[in-house]
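Have a look at the structure below before the remarks.
Any read-out appearing in this document is the output of simple, stated calculations on the displayed coordinates, not a laboratory observation. Not measured: the values here are computed from a predicted model. All Cβ positions, glycine included, derive from the backbone under ideal geometry; neighbour counts span all protein chains shown.
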Amino acid sequence: MFFIKEKKFQYPFFLFFTTIFSITTLAQSNDLQQVNSAKLYIISPADGSTLKNPVKIVFGLSGMGIAPAGVEMSNTGHHHLLIDLDVLPDKNLPIPSDKKHFHFGAGQTETLINFTPGTHTLQLMLGDHYHMQYKETLVSKKITINVE
């Protein structure tokens, strides 16, 4: 009799955990599909522009939303601006925060930056609530600007 009760007792737990696992997997799958259809881009300045300081950079994102760092919401992320970067950050680590990796964790969609005179490259990367890249890295096209 004890074994029968145990089997009856286990079935609801099995069903519960199977359902939770399925929902979690589906949610992750939907997030991945959303990332695959999202587009990250720099609205301004235009590629090849010659500019004076401070340079206003406006970020664009379609197919997903913006949420501040630390706020876990499905299909959202926040911007990271990569400046003069030759190689993308390690996918297994949080996106660095230094003079080549600028975090916009409050959900900002534009910034003003003073550059040293010369040629610079700009690229956007979308990070999740932990400043991590998505399974499918979401980056914009890299553009080049000239600062006088």
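So the values come out like this:
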read-out	value
Charge dipole (debye, nearest 20) of the range 58-148; +1 at Cβ of Lys and Arg, -1 at Cβ of Asp and Glu	100 debye
Residue 87-residue 44 pseudo-label distance in nm [points 7 Å out on the Cα-to-Cβ vector]	3.6 nm
Gained length - residue 121 relative to residue 100, 0.36 nm times residue gap less alpha-carbon distance	6.5 nm
Relative contact order (%) - the range 28-120, alpha-carbon pairs under 8 angstrom, separation at least six	30 percent
Inter-label distance, nm, simple model (7 Å from Cα along the C-beta direction), residue 132/residue 114	3.7 nm
In Hz, Karplus ³J(HN,Hα) per residue of the range 132-148 (6.51, -1.76, 1.60; θ = phi - 60°; x = Gly, Pro)	9, 6, 6, 3, 9, 4, 10, 10, 8, 5, 7, 10, 10, 10, 10, 10, 7
